[in-house]
1. Tell me, yes or no, whether region 39-53 has at least one residue that is within 23 Å of Thr105 (Cβ to Cβ), assigned by TED's automatic domain parsing to the domain that holds Gly127, of a type in the set (A, V, I, L, M, F, W, C) and out of contact with any Lys or Arg (no Cβ under 9 Å at 6 or more places or on another chain).
2. Please go through (1) under 20 Å from Ile142 (Cα atoms); (2) within 16 Å of ligand 1 (Cβ to nearest atom) for Phe16 and return the number of the only condition it doesn't satisfy.
3. Go through (1) in contact with a strand residue (DSSP E or B) (Cβ under 9 Å, 6 or more places away or on another chain); (2) closer than 12 Å to Ser2 by Cα and name the single condition Asn150 misses.
4. Six or more apart or on different chains, Cβ under 8 Å: which pairs go from a residue in region 17-36 that's of a type in the set (S, T, N, Q) to one that's assigned to a strand (DSSP E or B)? Could you list them?
5. Among the listed residues Gly109, Gly89, Gly65, which satisfies the condition of being in contact (Cβ under 8 Å) with a residue 24 or more places away in the chain and either at positive phi or among the polar types (S, T, N, Q) (or both)?
6. I'd like the full set of residues that are touching a Phe, Trp or Tyr at 6+ places or on another chain (Cβ under 7 Å) and either part of a helix (DSSP H, G or I) or surrounded by fewer than 15 Cβ atoms within 10 Å (Cβ to Cβ) (or both), limited to region 57-77.
Amino acid sequence: MSFAKMQEALLEEGWFVGWNLPCCQSCAWSSLPYEFESGPNKGKEVDYSKVLFNHSQDCEVYIEGEECPDCEGEGYDMDTDEDCMTCLGMGEVSEDALDPAEYDTSVDGFVCYNPTDCDGSYFCFDGSKEGVENLKAILPIIEASGCEVNWSGDGDSRIEINWEY
Ligand SMILES: [Zn+2]
Ligand SMILES: [Zn+2]
């Protein structure tokens with residue numbers, strides 16, 4: 001699977017590569033770890049000019065369906081404030097009921113695809129001059145992992161990376 005390959009290859013280069021960091025772009029940036037918790041860089045400080053990650057909104061599962069009857073579309077249980085178990089916090093139910101075991105539900109309020117179940121995503125990176133140069137330097141590695149890159153090369157536009165799954 002190409003995302004895993006890319007992640008492994010970039011870790012070797014000292015990059016932090018994350019999937020489904022919490023919520024939106026600003027929450028995700030503020031929840032980046034200070035140091036690598038595992039892998040070949042364990043214990044080393046994360047260099048924020050060498051980070052590549054997406055967030056929950058990027059890999060969220062969209063369901064076109066009907067309003068959930070159990071929570072009336074609110075997505076949470078009004079008594080306990082917990083995510084509604086019928087719709088998994090989506091507020092809607094589809095004909096194919098969602099099986100939480102098949103999705104990444106690590107972030108509260110979101111049901112997200114695992115990288116093995118989608119064919120790509122937009123990613124965040126450091127848009128400074130240094131960050132852009134760092135990213136340009138690893139594009140060949142990303143492509144060698146079997147991923148396809150779609151990016152203008154500007155610091156203020158996000159990079160789209162696709163793979164086959
Ligand atoms: Zn947010
Ligand atoms: Zn519900």
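The values are calculated or read from the model by the stated rules, or taken from the named source; none is laboratory data. It should be emphasised that the depicted structure is a prediction, and the values quoted were computed from it without experimental measurement. All Cβ positions, even for glycine, are placed from backbone atoms using ideal geometry, and neighbour counts span all protein chains on display.
1. yes
2. The number of the failed condition is (2).
3. The one condition Asn150 does not meet is (2).
4. Asn20/Asn54; Asn20/His55; Asn20/Asp104; Asn20/Cys112; Gln25/His55; Gln25/Cys124; Ser31/Leu21
5. Gly109
6. Looking only at region 57-77, we keep the residues that are touching a Phe, Trp or Tyr at 6+ places or on another chain (Cβ under 7 Å), and these are 58-61.
The answer is Asp58, Cys59.
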